[in-house]
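*Asks:* My structure is below; once you've seen it, I'll send some questions.
The values are calculated or read from the model by the stated rules, or taken from the named source; none is laboratory data. Because the structure is a prediction, the values reported are computed rather than measured. Cβ placement follows ideal geometry from the backbone for every residue including glycine, while neighbour counts extend to all protein chains displayed.
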Amino acid sequence: MDPSDQKEEDLNDEQKWDILTRPEKLGEILLKHGKINLKQLEDLIKEQEKSGMPFGELVLAKGIMSREDLMKALDWQHRSDQVIIESLTEMVSKQGKEGEE
C-alpha cells in the first residue's frame, strides 16, 4: 500500500517523512492544475507502463497540451522540488545548531 493512501495516525515517522519529501510527479501537477482529468491521468500511467515512454512525451504525443504548457508544468515541478530541498536543508541546519548549544 502506498503510504500516502493511509490515514496520518496509522503512519510511522519514516512513512510521514517519505510523503513530505517526495517530489510531486508531473501527472499530479497536471491534475492539480486542471490540465488533465483523473481518467486521462490513469490512462496515461497505464500507457506509460506499457511503452516506457516518459510521461511528458506521452502528453505531447497525445496532443493533450502544448509543449509550452508542458514546459511550464516541468518548471513548476522543478521549483517545487527546490522548495523541498531548501526546506530540508534549513531544517537540518537548524537542528545542527540546536545540537551545538
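*Asks:* Looking only at residues that are surrounded by 14 or more Cβ atoms within 10 Å (Cβ to Cβ) and closer than 15 Å to residue 77 by Cβ in the stretch 29-40, which one is nearest to the chain's Cα centre (by Cα)?
*Replies:* Of the residues in the stretch 29-40, the ones surrounded by 14 or more Cβ atoms within 10 Å (Cβ to Cβ) are 29-31, 35-36, 40.
The next check asks that each one be closer than 15 Å to residue 77 by Cβ; those that pass are 29-31, 35-36.
On the way: 29: 7, 30: 10, 31: 11, 35: 15, 36: 15 Å.
It comes out as 29.
*Asks:* Also: Keeping to the stretch 50-101, report how many residues are among the aliphatic types (A, V, I, L, M) and at pLDDT below 85.
*Replies:* Initially, the stretch 50-101 is screened for residues among the aliphatic types (A, V, I, L, M), giving 53, 58-61, 64-65, 70-71, 73-74, 83-85, 88, 91-92.
Within this subset, residues satisfying the condition of being at pLDDT below 85 are 83-85, 88, 91-92.
Of the residues in that region, 6 qualify.
*Asks:* Now for a different question. Find the residue count for the stretch 41-76, including only residues that are loosely packed, with under 12 Cβ neighbours inside 10 Å and touching a residue at least 12 places away in the same chain (Cβ under 8 Å).
*Replies:* The number of residues fulfilling the criteria is 0.
*Asks:* Then there is this: Would a scan of the stretch 28-49 turn up a residue that is part of a helix (DSSP H, G or I), at pLDDT below 90 and of a type in the set (D, E, K, R)? Please lay out each step first, then the result.
*Replies:* Here is the first cut: in the stretch 28-49, the ones part of a helix (DSSP H, G or I) are 28-32, 38-49.
Now drop any that are not at pLDDT below 90, which leaves none.
Looking for residues that are part of a helix (DSSP H, G or I), at pLDDT below 90 and of a type in the set (D, E, K, R), one finds none in the stretch 28-49, hence no.
*Asks:* Out of the stretch 50-74, which residues are assigned to a helix (DSSP H, G or I) and closer than 11 Å to residue 26 by Cβ?
*Replies:* Residues of the stretch 50-74 that are assigned to a helix (DSSP H, G or I), as a first pass: 50-51, 55-61, 67-74.
Of everything in the stretch 50-74, those that are assigned to a helix (DSSP H, G or I) and closer than 11 Å to residue 26 by Cβ turn out to be 55, 56, 57, 58, 59, 70, 73, 74.
*Asks:* Using beta carbons and a limit of 7 Å, which pairs, at least six apart or on different chains, have the first residue in the stretch 1-23 and within 19 Å of residue 87 (Cβ to Cβ) and at pLDDT 70 or above and the second one among the aliphatic types (A, V, I, L, M) and surrounded by 14 or more Cβ atoms within 10 Å (Cβ to Cβ)?
*Replies:* Cβ pairs passing all conditions: 21/84; 23/84.
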